[in-house]
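Undergrad: Have a look at this one before I ask anything.
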Amino acid sequence: MELLNNTFTFYDVEAYNASTLNCFAFRRGNDERQGLSLSLGNMVRGYAFELQGIRFHNSECAYIAGAFSGVTYTHIAIQRRLVACDNGFMAKKTISKPHEREKRDDWESFNVEWMKYVVWQKCLGNEDFRRLLLSLPSDAVIIEDSTFQTGRTATKWGTRNDELRRRLTLLKKELKARGLSKAAIKREQDRMRLGEYATVGCFVGQNLMGKILMACKEALESGIEPDIDYDLLIGKHINILDREISFNQRAIAA
């Protein structure tokens, strides 16, 4: 199915045609398109926020904390490390992955709604992130570009673009043959990815992160809270640092 406008069905796999849609596809924290920052990912530093009085340095650590939302000493110890961690990538690599067995058995039954809640709290709790999201054009289709990722959730949270991959791979070979350094090749690939190649191919995937960001942007613009299944989250009894999240704080940032 090809997405023809900014409407979407949340859990469906979509194909976003970059030649007809105003796609803002983000991959790295320093990405920019049309002069606008795309530091939208969970791993990006600099957007600390409070989640019901608990300060997280980034939304990745807050998201992962939900996976370990039990009340045992081990769960609380893991969450304390996540609260202290200012690097989302390292949190995933050195805190989450080594403790896979300690994750809640029902984690994947509520992790998407928890992600919605975390990103929304980030919007409400960090003015810079809120402004960044609102700076994007009204017709912007926000996409997480996972083209070169190989993980099982790459096209769940994001998308892949086969034509973009083909062109960037060919460009890399050409630049390598000319003797450019790895750093120079990466810079040129990023320049083309965010410039001339930004309208190439189709981004295919569920794009849940992009959809969550678009829903939060629309909520900020309209003054209506995004669609979050609070009943599901309440029923999961999510504890952060031995305190159950109440989910009764509903607000729209000014």
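Undergrad: Name the residues whose placed amide hydrogens come within less than 5 Å of the amide hydrogen of Ile143, ignoring near sequence neighbours (fewer than 5 apart) on the same chain.
TA: Excluding prolines and chain starts, which carry no amide H, the hits are Phe24, Ala25, Phe26.
Undergrad: Follow-up question, since we're still on this one. Please work out the Cα center distance from the stretch 175-216 to the stretch 17-46, rounded to the nearest Å.
TA: Here the two parts' Cα centres lie 9 Å apart.
Undergrad: Would you mind giving the average projected area, over all directions, of the Cα convex hull of the chain in nm² with one decimal?
TA: Over every viewing direction, the Cα hull of the chain projects on average to 13.8 nm².
Undergrad: What list of ³J(HN,Hα) values in whole Hz, one per residue of the stretch 97-109 in order, does the Karplus curve 6.51 cos²θ - 1.76 cosθ + 1.60 (θ = phi - 60°) give from phi, with Gly and Pro shown as x?
TA: Values, residue by residue: 4, x, 10, 3, 5, 8, 5, 4, 5, 9, 3, 6, 8 Hz.
Undergrad: Looking at this model, which pairs from Lys92/Lys211; Lys97/Lys173; Lys92/Lys236; Lys93/Lys186; Lys97/Lys211; Lys103/Lys172 are more than 28 angstrom apart at the alpha-carbon? Could the numbers behind the result be given before it?
TA: Details: Lys92/Lys211 22 Å; Lys97/Lys173 33 Å; Lys92/Lys236 22 Å; Lys93/Lys186 23 Å; Lys97/Lys211 26 Å; Lys103/Lys172 39 Å.
With Cα atoms farther than 28 Å apart: Lys97/Lys173; Lys103/Lys172.
Undergrad: Something else about it: Arg80 versus Glu108, label points 7 Å from Cα toward the beta carbon: distance in nm?
TA: Inter-label distance under the simple model: 3.1 nm.
Undergrad: Given a cut-off of under 8 Å on Cα pairs at least six residues apart, what relative contact order in percent is computed for the stretch 54-158?
TA: 24
Undergrad: Could you list log10 I(q)/I(0) for the stretch 149-254 at q = 0.20, 0.21, 0.25 Å⁻¹, which the Debye formula gives when each Cα is one point scatterer?
TA: At q = 0.20, 0.21, 0.25 Å⁻¹ the computed log10 ratios are -1.09, -1.15, -1.30.
Undergrad: Give the cross-link partners of Lys176 among the aspartates and glutamates, using a straight C-alpha distance below 14 Å as the criterion and excluding same-chain residues fewer than 8 apart.
TA: Glu188
Undergrad: Here's another thing I want to ask about it. By how many degrees, between 0 and 90 and to the nearest 10, does the Cα long axis of helix 162-177 differ from the longest principal axis of the chain?
TA: 60
Undergrad: Next question. Taking the dipole about the Cα centre of the chain, with the C-beta of Lys and Arg at +1 and of Asp and Glu at -1, give me whichever of His57, Phe10, Thr94 is farthest to the positive side.
TA: Of the candidates, Thr94 comes out farthest on the positive side.
Undergrad: For the stretch 20-27, what does the Karplus curve 6.51 cos²θ - 1.76 cosθ + 1.60, with θ = phi - 60°, yield as ³J(HN,Hα) per residue in whole Hz, taken in order and with x for Gly and Pro?
TA: After applying 6.51 cos²θ - 1.76 cosθ + 1.60, I find 10, 10, 8, 7, 10, 9, 10, 10 Hz.
Undergrad: Once you put a point 7 Å from the Cα of Thr9 and another 7 Å from the Cα of Lys173, both along the Cβ direction, what distance in nm separates them?
TA: 3.9
Undergrad: Would you please give the FRET efficiency between Ala184 and Gln149, computed as 1/(1 + (r/R0)^6) with r the Cβ-Cβ distance and R0 = 22 Å, to the nearest 0.05?
TA: The pair Ala184/Gln149 has a calculated efficiency of 0.45.
Undergrad: Apply the Karplus parameterisation 6.51 cos²θ - 1.76 cosθ + 1.60, with θ equal to phi minus 60°, to every residue of the stretch 127-141 and state each ³J(HN,Hα) to the nearest whole Hz, in sequence, with x for glycine and proline.
TA: Computed from phi, the couplings for the stretch 127-141 are 5, 5, 5, 4, 5, 4, 5, 6, 6, 6, x, 5, 9, 5, 9 Hz.
Throughout, read-outs are computed from the coordinates displayed, never taken from laboratory work. None of these values were measured; they are calculated from a predicted model. Cβ: placed from backbone, ideal geometry, glycine included. Neighbour counts: every protein chain shown.
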